[in-house]
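In what follows, a single structure is set out as structure tokens and then discussed.
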Amino acid sequence: MLLCGGSARRFGSDKLLATIPGEESEGAIAARSARNLLEGAGNALALIPLAAKALREALEAAGCEVVESDRTALGMGASLAAAVAATDRADGWIVALGDMPLVACATIRSVRDAIADGALIAAPVSTRTGVRGHPVGFSSALRPELLALEGDVGARGIVERHRDELRILPTEDPGILVDLDTPAQLSALAAERRRSERS
């Protein structure tokens, strides 16, 4: 599932429809996130706010199923619960974020495979920094806990409660830690990618 319900207050406009400078041909941030999730997981359902017409069109053009919900206004936890409720027959969930378009498809695939292999929770961890990133996978056994989420807390509490059962997936993928919340972050990312291309 792809959560696309943030208010984008820090961005000043709908960040999910923004593009990375110099990479406009790749499309909107949310569309890139959706394509990666589709390729890595095999399917994708995006949760968006009510009447977000342009966002819906961008996601559907990327091949993503879309569900609108008024619960996006209540925060990350409420959004996640709504997305789980909309996919009640799923064997598990990969929770990806619409503002993280650089997660490698192979990373998403590794999370999918870990959950299919019986992991209760699975998440990528940077081999460089040791920091846990996104997306995070959850077994269907956690459905009641996910449905009980409220407000803006997200699933961090669930991960903490079951930290002994968390399957860590070491990765060199820097995209697991790159979320784009401000225009300055977009510009900095574009500059960094130009530097990498020249080196």
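The numbers here are math on the coordinates, done by the rules we state, and not lab data. Because the structure is a prediction, the values reported are computed rather than measured. So basically every Cβ, Gly included, is an ideal-geometry build from the backbone, and we count neighbours across all protein chains shown.
With a cut-off of 8 Å between alpha carbons and a minimum separation of six or more residues, what is the relative contact order of region 2-187 in percent?
Working: 391 pairs, mean separation 47.5, N = 186.
Once normalised by length, the contact order is 26 percent.
Taking the Cβ of residue 87 as the centre, find all other residues whose Cβ is under 12 Å away and add up their charges (Lys, Arg: +1; Asp, Glu: -1). That sum, taken over residues with Cβ under 12 Å, equals -1.
3J(HN,Hα) along region 34-43: 5, 4, 5, 5, 4, 5, x, 9, x, 7 Hz, from the Karplus curve 6.51 cos²θ - 1.76 cosθ + 1.60 with θ = phi - 60°, whole Hz, x for Gly and Pro. Working from label points 7 Å from Cα in the Cα-to-Cβ sense, the residue 117 to residue 150 distance is 3.7 nm. Extent of region 109-173 along its three principal axes (Cα atoms, max minus min coordinate, largest first): 33, 26, 20 Å. Given +1 at the Cβ of Lys and Arg, -1 at the Cβ of Asp and Glu and no other charges, the dipole of the chain around its Cα centre is 360 debye to the nearest 20. For the chain, the 222 nm mean residue ellipticity estimated from helices alone, with every DSSP H stretch of n ≥ 4 adding -39500 (n - 2.57) and the total spread over all residues, rounds to -10500 deg cm²/dmol. Fewest-first ordering of 1, 100, 76 by other beta carbons within 10 Å of each residue's beta carbon gives 76, 100, 1. Across all Cα pairs in region 29-160, the calculated P(r) in 10 Å bins from zero up to the longest distance comes to 13, 44, 37, 6, 0 percent per bin. Full extension of the chain between residue 129 and residue 67 yields a length gain of 18.8 nm, computed as 0.36 nm times the residue separation minus the alpha carbon distance.
The slack in the chain from residue 164 to residue 85, taken as 0.36 nm per residue of separation less the alpha-carbon distance, amounts to 25.8 nm.
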